[in-house]
Ligand code: SF4
Ligand code: SF4
């Protein structure tokens, strides 16, 4: 029994580094492929935005295409857009793609669990690599004491609560004022510049998060990300679940060991936790056929079908938005050149900050 368990451990560790097992290999590779596909898209969007910014800064008309997809990095603008859509009856023409992408991601969580976090989000992907690095260095990732872990986990819900309170407490007029503000019109460019020109504080915060993620698997996702917290709440209604067949389970606990959300899978029959990201690592590592399965409304779902469903939702959301003219914004090249060349003006500060209060916006 002991020899069997240690051989299972070796297999699990091989799987962690993608080294063995046809089933494990396949599952690992499918998610890896989807993650890298979206990481590649993000890099391409970043490259396009940089080209667009440089041309606008230099006043080179016509500008190269600005990629609306970068608005996926403006989830707060997207949430504001949803509420504004409800108030105004039309989608705003400043960052429409931000709203479409938030809606697609929320729909993904509602139908397919928090799969965004483990299949699509580049931060989630980096967190996995950093955790793997931690395991290479220390042979393990560290787990804070349970009480501290719970306390820290509540942080992301507090941050989410703050954003929900701040956004959903705004009147229709206040929302419109924010959406039409000079700050919001160039929010995507400002965000790109923020990451390109990280100040001392920014570098320290990033370095802190990187180090924390090497020690604690998915430190930011687990404790700090309000987007993940929101998706988790939506995912609670999802018909997709991981289910364990107690009759077939041999209680090896390998599923518990690989779960990035540290869920007690081997002691559950159905994983309902809002922390489950649908990474399916547990299903992949399980050595017993049919002991653990991904199910949709109680029916078994294959991993390729799950991956295809995630991709399909994004392709459908993007195509529908393009076909209906809800993808690209209405800001002209001339206006972008003017705004980007004047972005250092106090009128382009955050509308809520003291520096912009009383500044007359154009
Ligand atoms: S329960 Fe399974 S699918 Fe959910 S996060 Fe844990 S390992 Fe991934
Ligand atoms: S579900 Fe599979 S991996 Fe988890 S304890 Fe049972 S046999 Fe082991």
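The values are calculated or read from the model by the stated rules, or taken from the named source; none is laboratory data. Small disclaimer: the values here were computed from a predicted structure and weren't measured. No Cβ is skipped: glycine too gets one built from the backbone with ideal geometry, and neighbour counts run over all protein chains shown.
Every residue, every condition in (1) near ligand 1 (Cβ under 8 Å from one of its atoms); (2) more than 21 Å from the chain's Cα centre (by Cα), yes or no:
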{"residue": "270", "(1), (2)": "no, yes"}
{"residue": "273", "(1), (2)": "yes, no"}
{"residue": "280", "(1), (2)": "yes, no"}
{"residue": "286", "(1), (2)": "no, yes"}
{"residue": "290", "(1), (2)": "no, yes"}
{"residue": "293", "(1), (2)": "no, yes"}
{"residue": "298", "(1), (2)": "no, yes"}
{"residue": "302", "(1), (2)": "no, yes"}
{"residue": "313", "(1), (2)": "no, no"}
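Taking every residue in the stretch 156-167 that is farther than 13 Å from residue 75 by Cβ and pairing it with any residue that is outside any helix (DSSP H, G or I), at least 6 positions away or on another chain, the pairs with Cβ-Cβ distances below 8 Å are 156/225. When you look at residue 263, is it closer than 24 Å to residue 146 by Cβ, outside any helix (DSSP H, G or I), in contact with a strand residue (DSSP E or B) (Cβ under 8 Å, 6 or more places away or on another chain) and within 16 Å of ligand 1 (Cβ to nearest atom), yes or no? So residue 263 passes the test.
Do the conditions hold for residue 208, that is, is it at positive phi and away from ligand 2 (no atom under 14 Å from the Cβ)?
no
For residue 348, the criteria (1) closer than 30 Å to residue 52 by Cβ; (2) crowded, with 19+ Cβ neighbours inside 10 Å; (3) modelled with pLDDT of 95 or more hold in every case but one, which is (3).
Within the stretch 242-256, is even one residue within 27 Å of residue 278 (Cβ to Cβ), at pLDDT 95 or above, surrounded by 21 or more Cβ atoms within 10 Å (Cβ to Cβ) and away from ligand 1 (no atom under 16 Å from the Cβ)? For the stretch 242-256, residues within 27 Å of residue 278 (Cβ to Cβ), at pLDDT 95 or above, surrounded by 21 or more Cβ atoms within 10 Å (Cβ to Cβ) and away from ligand 1 (no atom under 16 Å from the Cβ): absent.
Is it the case that some residue within the stretch 192-212 is within 17 Å of the chain's Cα centre (by Cα), in contact (Cβ under 8 Å) with a residue 60 or more places away in the chain, more than 12 Å from ligand 1 (Cβ to nearest atom) and surrounded by fewer than 17 Cβ atoms within 10 Å (Cβ to Cβ)? Yes - at least one qualifying residue is present in the stretch 192-212. Here the helices (runs of 4 or more DSSP H) wholly within the stretch 156-220 that include at least 2 residues being within 23 Å of residue 329 (Cα to Cα) are 172-179, 182-185, 187-196. Please go through the stretch 186-222 and give me each residue that is at pLDDT below 90 and within 29 Å of residue 275 (Cα to Cα), ordered by number. Within the stretch 186-222, 195 is the sole residue that qualifies.
Starting from residues that are closer than 23 Å to residue 234 by Cβ and out of contact with any strand residue (DSSP E or B) (no Cβ under 8 Å at 6 or more places or on another chain), keep the ones in the stretch 266-296 and report whichever is farthest from ligand 2 (Cβ to nearest atom). Residue satisfying both the conditions and the ranking: 274.
Within the stretch 326-336, the set of residues being farther than 12 Å from residue 62 by Cα and either modelled with pLDDT of 95 or more or surrounded by 13 or more Cβ atoms within 10 Å (Cβ to Cβ) (or both) comprises 326, 327, 328, 329, 331.
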